[in-house]
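What follows is a short report on a single structure.
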Amino acid sequence: MKALLLENVHPLAEHILKEAGFEVETHAGALDEDELIEALQGVQLLGIRSKTEVTERVLDSAPDLYAIGAFCIGTTQIAKKHAAGRGVVVFNAPFSNTRSVVELAIAEIIVMARRLTEKDKALHEGVWNKDATGAHEIRGRALGIVGYGNIGSQLSVVAEMLGLKVYFYDSDDKLALGNATRCGSLDELLEVAEVVTLHVDDRKGNAGFFGAEQFAKMRPRSLFLNLSRGFVVDYDALREALLSGHIAGAAVDVFPKEPKKRGDAFTSPLQGIPNVVLTPHVGGSTEEAQEDIGRFVAGKLRDYIQRGTTTLNVNLPGLSLPPRFGGKRILHLHLNVPGVLGKVNSLLAKHEVNIEGQALNTAGEIGYGVTDVAELPRAAVAELLAMPETIRLAIIDG
Ligand SMILES: NC(=O)c1ccc[n+]([C@@H]2O[C@H](COP(=O)([O-])OP(=O)(O)OC[C@H]3O[C@@H](n4cnc5c(N)ncnc54)[C@H](O)[C@@H]3O)[C@@H](O)[C@H]2O)c1
């Protein structure tokens, strides 16, 4: 089994895969389509970050590929549906940088409440600006978290530890952690919050979700943060709200149009406004997050190959499976049409194969069946492969 890791994936990933018995080849950079096709011959596992495009053509030209690990959060660079149709599972790391985003949000709330960017700038310019006016503690302040998912809910816990009173609004019914108070609507949250922070997901319906109307409803002199997605907020409206003094400070990490690479030019209507912290989409960018991404995704790839586990993958049905000691495990990715499991079981019965354990999950057009057996004759494997519903068949030795 061979793994190809591109784009400087964290060394921990290479270590985990080597320990699991894979031959690992690494490349510092991304590969273009033709280079990737060539490099993927004889490769079962591919690890990439955001710059490698795994197109339909790449997938069609990589018959040996079993799984792709996106060592990042986003997976738009991969033709996921096409991969599913070819029985190639895709994993990513949805939680590895959660804590990093939370810590940046907390830091920024304090930086804004103490107006530190202004004091820092003045002192760098040689001006001793010792003044308590407009500088506040955050203890006891009302924090309004919009979007109570992985990041929002962890922020809730950490913020409470610092003495903030947490209110949250989520469009889904979420469990309130600690002493957090659920708000029934965004307006309800905007009425109470002195700091509003957005952690909603990137669904299309969230485009322009926070604009002039919402800024007007925020409490006077409150603070605003967006570390979710740039297109969610109308930044021209935020600029107006800041210039009028209605909003006392803002911290923004994400923008509707972000430069493609380090060093590229950047413009925003928020530049040059006092008490505004601008960061280049670094909420999740820490060495700890990179290491955790390496550990998490490499572990998912290993567990898929060694036991067939597909939990938290992004394009195929998920199954969590215990390790198998002895015997064989049949991994059968198939078209999700009625009767496939019955066909598999009859076929095994015909070959006098006793089923010791079985699991099935389906998602959309794809079904994933896993069957544990003591012995598996070659003829049964050939018949499973020949089933018109079979997308991919793999046999693991226990
Ligand atoms: N700045 C960074 O570097 C960075 C790093 C990681 C994630 N993110 C972004 O942070 C955001 C949150 O990430 P997550 O992992 O917590 O996502 P998540 O999917 O776990 O949580 C999002 C939550 O928002 C809620 N939601 C969606 N639309 C809503 C709306 N209009 N009103 C109220 N609630 C709404 C959902 O129900 C969900 O609970 C995402 O947009 C993600 O892309 C940014």
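The values are calculated or read from the model by the stated rules, or taken from the named source; none is laboratory data. Note that the coordinates shown come from a computational prediction; the quantities given were computed from them, not determined experimentally. When we count neighbours, we look across all protein chains shown, and the Cβ atoms used for this are built from the backbone with ideal geometry, even at glycine.
Determine whether residue 142 is within 16 Å of the ligand (Cβ to nearest atom) and not hydroxyl-bearing (Ser, Thr, Tyr). So residue 142 fails the test.
In the stretch 56-73, the residues that are within 12 Å of residue 46 (Cα to Cα) and among the hydroxyl-bearing types (Ser, Thr, Tyr) form Cβ pairs under 6 Å with partners that are modelled with pLDDT of 95 or more and more than 16 Å from the ligand (Cβ to nearest atom), at six or more places apart or across chains, as follows: 66/44.
When the residues of the stretch 95-110 are narrowed to those that are surrounded by fewer than 18 Cβ atoms within 10 Å (Cβ to Cβ) and touching a residue at least 40 places away in the same chain (Cβ under 8 Å), which ends up farthest from the ligand (Cβ to nearest atom)? If we take residues in the stretch 95-110 being surrounded by fewer than 18 Cβ atoms within 10 Å (Cβ to Cβ) and touching a residue at least 40 places away in the same chain (Cβ under 8 Å), then 103 is farthest from the ligand (Cβ to nearest atom). Of the residues making up the stretch 2-26, those that are over 24 Å from the mean Cα position of the chain (by Cα) and surrounded by 15 or more Cβ atoms within 10 Å (Cβ to Cβ) are 2, 20, 22, 24. Screening the candidates 353, 314 for the property of being more than 29 Å from residue 69 (Cα to Cα) and either within 22 Å of the chain's Cα centre (by Cα) or modelled with pLDDT of 95 or more (or both) yields one hit, 353. Could you please give the count of residues in the stretch 355-398 that are within 20 Å of residue 80 (Cβ to Cβ) and part of a strand (DSSP E or B)? Residues meeting the conditions: 9.
Note on the stretch 264-304: among residues that are within 17 Å of residue 103 (Cα to Cα) and free of Cβ contacts under 8 Å to residues at least 60 places away in the same chain, the one that is surrounded by the fewest Cβ atoms within 10 Å (Cβ to Cβ) is 287.
The criterion of at least 3 residues that are within 24 Å of the chain's Cα centre (by Cα) and not aromatic (Phe, Trp, Tyr) is met, among strands (runs of 3 or more DSSP E) falling completely within the stretch 27-138, by 45-48, 67-70. Looking across the stretch 112-145, the residues that are surrounded by fewer than 18 Cβ atoms within 10 Å (Cβ to Cβ) and aliphatic (A, V, I, L, M) come down to 116, 122, 123, 127, 132, 135.
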